[in-house]
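> Below is a structure I'd like to ask you about.
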Amino acid sequence: MLFGSIEAGGTKFVCAIGNEKGEIKERVSFPTTVPEETMKAVIEFFETYKKDLKALGVGSFGPIDIHPASETYGYITSTPKLAWQNFDFVGTLKKSFDIPVAWTTDVNAAAYGEYVFGNGKGLSSVVYFTVGTGVGGGALQEGRFVEGFSHPEMGHMLVVPHPDDKDFEGACPFHGNHCLEGMAAGPAIEKRNGRKGQDIPIDDPFWQIEAEYIAQCAYNTTLMMSPDVIIFGGGVMKQRHMVEKVHRAFTKMMNSYVKTPDLDQYIVTPALEDNAGTMGCLALAKEAELHSH
Ligand code: ADP
Ligand code: ZN
């Protein structure tokens, strides 16, 4: 039984074929241009496997419509990427493939991957953040995504500007210097430092500032949800020294108010590393297939 995974990102789409164990058989990637072009490449890729393909799992950039009863369910909605605004993603797939399609946000898909196969395995409450081009967050409670009128937008949570960072105006066009994404995502790092995160040496004092923003995120998440684990992935977390800095800043900030699980198991990076999204989409596809009977 084969499942398909589509990680729809703002710069590229990663498509994969795999099985219910999350084993990836083939993976390709296409640049995100306009829907006609990108979706054509996606559909052509899966056509090859059509005979054995049982379901698709999509983790998409957003905002997206996740409400099954809505007329625009399965659409990308108000994205700043104009060509993709109000694009019927699930409907487009359904035209070519008469199989179940699981539909969620990119970060929810990665959260699900960690929940099924990674550092959230066996736990009942898992929160996952990606710190990359943006900051995104997704939460699972007993295997279900936490959501209401829409999916969470945790990346834009309020943060207090760091005392050594008062002059930085932030990089979020909506929330200035009080927004986690605007202060701590890759583009904010580049705007403030004049170079990309991967080019900043590990002993640069900037990393302490970055760690304190991420610690604020872990602090807010802990007080809001008391989850079993908080997982931080994404390009910026490739800085391996960050986790320990985050632990220390978090401990100081929390000031013993809440007794969390041991920080080495509580604030962690993804066990699946860059495969969390793909494996999550495969697992979501499998779930969609199960529920279609
Ligand atoms: P995306 O968020 O687009 O899916 P990534 O999670 O890879 O992709 O995030 C890309 C961002 O992460 C870029 O802003 C990049 O500068 C930053 N980044 C990538 N690698 C590193 C690294 N080793 N250290 C710090 N920042 C990094
Ligand atoms: Zn913001």
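All of the numbers you see were taken from the coordinates with simple rules; none came from a lab. Since the structure is predicted, the reported quantities are computational estimates derived from the model, not experimental observations. Cβ sites come from the backbone with ideal geometry, for glycine too, and all protein chains shown count toward neighbours.
> Quick one: check the C-alpha center-to-center distance for the range 133-183 versus the range 199-259, whole angstrom.
About 14 Å separates the Cα centre of the range 133-183 from the one of the range 199-259.
> Something else now. Considering only the other residues whose Cβ falls under 9 Å of the Cβ of A171, what net charge follows from Lys and Arg at +1 and Asp and Glu at -1?
Net charge in that neighbourhood comes out at -1.
> Just from its helices, what would the mean residue ellipticity at 222 nm be for the chain, if runs of 4 or more DSSP H residues each count -39500 (n - 2.57) and the sum is divided by every residue, rounded to the nearest 500 deg cm²/dmol?
One gets -10000 deg cm²/dmol as the mean residue ellipticity at 222 nm.
> Can you give me the P(r) profile for the range 115-154? Cα pairs, bins 5 angstrom wide beginning at 0, each as a whole percent.
6, 23, 28, 22, 16, 5
> Quick check of the Kirkwood formula: for the range 111-236, what is the inverse mean of 1/r over all pairs of different Cα atoms, in Å?
15.1 Å
> While we're on this one: Straight-line reach from K196: which lysines have Cα under 18 Å away, leaving out those fewer than 8 places along the same chain?
Straight-line reach from K196, under 18 Å: K238.
> Would you mind classifying the range 187-264 by shape? Square roots of the alpha carbon gyration tensor eigenvalues, ordered a ≥ b ≥ c; an a/c under 1.5 is rounded, otherwise it is prolate if a/b is larger than b/c and oblate if not.
prolate
> Hand me the trypsin sites (Lys or Arg not before Pro) from the range 234-277 located in a DSSP loop with no more than 15 other Cβ atoms within 10 Å, in residue order please.
Sparse-neighbourhood loop trypsin sites (Lys or Arg not before Pro): R240, K259.
> Restricting the count to DSSP beta bridges whose residues both fall in the chain, what percent are antiparallel, rounded to a multiple of 5?
60 percent
> Counting other C-beta atoms within 10 Å, and keeping those with at most 13, which DSSP coil chymotrypsin sites (Phe, Trp or Tyr not before Pro) do you find in the range 86-154?
Counting only loop positions with at most 13 other Cβ atoms within 10 Å, the chymotrypsin sites (Phe, Trp or Tyr not before Pro) in the range 86-154 are F149.
> Using the Cβ atoms and a cut-off under 12 Å, what net charge is assigned to the surroundings of T104, where Lys and Arg are +1 and Asp and Glu are -1?
Spelling it out: positives minus negatives among the neighbours equals -4.
> Taking every pair of alpha-carbon atoms in the chain, what share in percent sits in each 5 Å bin, from 0 to the bin with the longest distance?
The percentages, shortest bin first, are 1, 6, 12, 17, 18, 16, 13, 9, 6, 2, 1, 0.
> While we're looking at this one, here's another question. What list do you get for D264, D204, D98 if you sort them by fewest beta carbons within 10 Å?
Going from sparsest to densest Cβ surroundings: D98, D264, D204.
> Between helix 276-291 and the chain, what is the angle of the helix's C-alpha long axis to the longest principal axis, kept within 0 to 90° and rounded to the nearest 10?
40 degrees
> I've got another one for you. Out of the range 43-111, which GluC sites (Glu not before Pro) are coil in DSSP terms and have no more than 16 other C-beta atoms within 10 Å?
E71
> Lysines near K51 by alpha-carbon distance under 23 Å, same-chain residues fewer than 8 away left out - which ones?
Here the lysines satisfying the reach criterion relative to K51 are K21, K25, K40, K94, K95, K286.
> Report, as a whole number in µm² per second, the diffusion coefficient that Stokes-Einstein gives for the range 53-196 at 20 °C and 1.002 mPa s using the Kirkwood radius over alpha carbon pairs.
Translational diffusion coefficient: 128 µm²/s.
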